[in-house]
Amino acid sequence: KMLKLRDEQLTLWDMILPEEIRKLPAELAIIDELLDDDRFLQPFIDKHPTKSKMGRPTYPIEKYLRLMVLKRKYNLGYESLIKEVGDSITWRLFCRIAIDEPMPDPSTLIYARKRYGDEVVERLNEALLHKLKEKAVLKHRKLRTDTTVVESDIHHPTDATLMQDGVKVITRLVRKIRKVASHAVQGFEDRTGEIKEKILSITKVLRRRSRESWEEVDRITESVIEVTQAVVEQANAVVTQIRDTGQRMAQQSKERLQAAITLTGKLIHQARQVVSGTRTIPDRIVSFFDPEARPIKKGKLAKGTEFGYKARIDETESGFITGYAVYSGNPADDELLIQAVETHIETFGVAPTAVAADRGFSSKKNETAIKALGVKWASLPRKGKKGQARTEHENQPWFKDLQRYRAAGEARISLLKRKYGLGRSRYRGLVGSKSWVGFGILTHNLDRAAKILTKAAE
């Protein structure tokens with residue numbers, strides 16, 4: 001495909017619009033001005049595999065980027081976004097979509113987001129930080145960092161329901177194969193209804209809440225394992241029967257079916273371990289649709305185990321998110337502090353003067369390491385029992401001030417979760433969750449910059 005960055009030409013309809021209609025609201029006008037910089041196009045240029053002027057052009061990058069910002073700013077789904085932008089002259093002007101121009105299909109934006117991936121979003125965030133620094137609205141002397149869980153968009157996992165998901169997907173793929181290679185699916189039974197009945201019986205048994213009920217659940221789970229194993233064996237026979245006919249659809253379905261069989265096999269093995277008494281399984285799969293998601297326990301009273309990815313959020317005194325990372329699993333917080341300071345140095349070329357974090361990030365090694373990187377004041381409350389010298393150190397006014405500053409970071413994370421979607425990722429997998437978090441942070445920083453610059457202009 002040929003990379004298309006902009007649509008240069010205005011249409012007649014755009015030119016005859018009255019000036020008052022063509023004027024964007026104050027904050028949206030500032031976001032428009034911030035994004036109207038070639039630095040935001042460069043990550044897409046670098047990512048695109050060819051600079052060829054041949055082939056079908058991509059959807060214009062400046063339109064795609066503005067549509068994605070509106071999507072996250074107003075928490076819209078792809079279909080709602082296309083409808084709302086199509087119906088609004090203001091939003092069309094912001095997205096540079098002419099009034100008589102048809103709106104793109106939602107799938108166009110979905111494919112573009114998957115094609116560009118998480119690295120492009122990361123570079124867009126870096127470009128914005130440099131732009132804000134030039135405009136003198138971003139200060140970066142003080143850094144606070146914390147972690148949170150970005151949950152995956154999945155149901156609460158049980159071994160039986162995970163196998164049910166596997167059987168549903170296998171059965172659906174076999175139905176597709178029947179349309180193009182009916183000979184291959186002879187003898188395959190649809191057993192989704194049978195598994196559904198067994199899972200409903202588990203729900204009834206669990207209401208009794210007795211020891212016998214758990215033993216009965218294990219027995220029902222064993223029968224789900226048997227049915228799932230039979231479905232997998234039949235699906236393997238289907239894969240063997242599909243001939244290499246050269247039909248693209250048949251081959252794609254065959255590859256997807258093989259992947260579904262492999263994953264379902266892992267879920268069967270996992271369920272067998274559980275019913276045999278092994279309750280703790282390292283790298284446990286908690287979702288058929290997002291196999292990279294992990295169970296994470298943060299130790300907070302209000303929340304038990306969450307399922308998804310751990311995210312590190314770095315913020316400076318201006319209220320901008322200047323660094324972030326999304327991790328698979330649950331790395332210890334004290335392994336992430338040095339990364340946060342190094343990311344800050346990489347972005348701004350200088351270490352923060354002061355760093356504040358909670359006791360989860362604290363260790364003697366971390367304190368020594370970040371001071372060696374150039375941090376002057378490190379407010380890291382030590383874990384465990386403290387000696388008199390350490391207690392006096394932590395009672396100093398500067399240390400307490402930085403801890404008060406650190407505590408306010410909880411409110412920022414709460415805002416990111418409530419307004420910018422960081423509570424639950426709607427994109428699957430680690431790469432998808434990195435993109436989801438990145439777009440949320442980009443939109444937050446644009447909104448924050450718009451508020452500050454609007455206030456300054458008044």
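The values are calculated or read from the model by the stated rules, or taken from the named source; none is laboratory data. None of the values given here were measured: they were computed from a predicted structure. Quick reminder, even Gly has a Cβ in these numbers, built from the backbone with ideal geometry, and neighbours come from all protein chains shown. Areas reflect the complete protein model, heavy atoms only, side chains present, ligands, DNA and RNA absent. Shrake-Rupley method; radii C 1.70, N 1.55, O 1.52, S 1.80 Å.
The figures follow:
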{"read-out": "R178, R243, R191, ranked by accessible area, largest first (probe 1.4 Å)", "value": "R243, R178, R191"}
{"read-out": "Approximate spin-label separation E119-R390, in nm, with each point projected 7 Å along Cα-to-Cβ", "value": "4.2"}
{"read-out": "Whole-Hz couplings from phi, Karplus 6.51/-1.76/1.60, listed for region 140-153; x for Gly and Pro", "value": "9, 7, 10, 10, 10, 9, 7, 10, 8, 9, 9, 6, 7, 7"}
{"read-out": "Highest-first arrangement of 434-441, 411-418, where packing means the average Cβ count within 10 Å", "value": "434-441, 411-418"}
{"read-out": "Ranked by how many other beta carbons lie within 10 Å on average, peptides 194-201, 389-396, 282-289 from highest", "value": "282-289, 194-201, 389-396"}
{"read-out": "Length added when fully stretched, R175-T108, from 0.36 nm per residue minus Cα-Cα", "value": "21.5 nm"}
{"read-out": "Heavy-atom surface of the chain, accessible at 1.4 Å and reported per residue (Å²)", "value": "51"}
{"read-out": "DSSP bridge orientation in the chain - percent antiparallel, rounded to nearest 5", "value": "70"}
{"read-out": "Inter-label distance, nm, simple model (7 Å from Cα along the C-beta direction), R404/E255", "value": "5.9"}
{"read-out": "Highest-first arrangement of 231-242, 310-321, 97-108, where packing means the average Cβ count within 10 Å", "value": "310-321, 231-242, 97-108"}
{"read-out": "Entry for volume of the Cα convex hull per residue in Å³ (calculated from the structure that is shown) out of (1) 200; (2) 144; (3) 135", "value": "(1)"}
{"read-out": "Relative contact order (percent, whole number), region 310-458, Cα cutoff 8 Å, 6+ residue spacing", "value": "20"}
{"read-out": "Solvent-accessible surface (1.4 angstrom probe) belonging to W398, in square angstrom, nearest 10", "value": "60"}
{"read-out": "Value of relative contact order over the chain, rounded to a whole percent, pairs C-alpha under 8 Å and six or more apart", "value": "21"}
{"read-out": "Charge-dipole axis of region 352-456 as Lys and Arg at +1 and Asp and Glu at -1 on Cβ define it, positive-most pick from A378, G421, A449", "value": "G421"}
{"read-out": "Structure-based [θ]222 nm, the chain - -39500 (n - 2.57) summed over DSSP H runs of at least 4, per residue, nearest 500", "value": "-18500 deg cm²/dmol"}
{"read-out": "Which of Y59, Y111, Y116 is most accessible, then next, and so on - probe 1.4 Å", "value": "Y111, Y59, Y116"}
{"read-out": "Karplus-derived HN-Hα couplings along region 267-277 (A = 6.51, B = -1.76, C = 1.60, θ = phi - 60°), whole Hz, x at Gly and Pro", "value": "5, 5, 4, 4, 5, 5, 4, 5, 5, 7, x"}
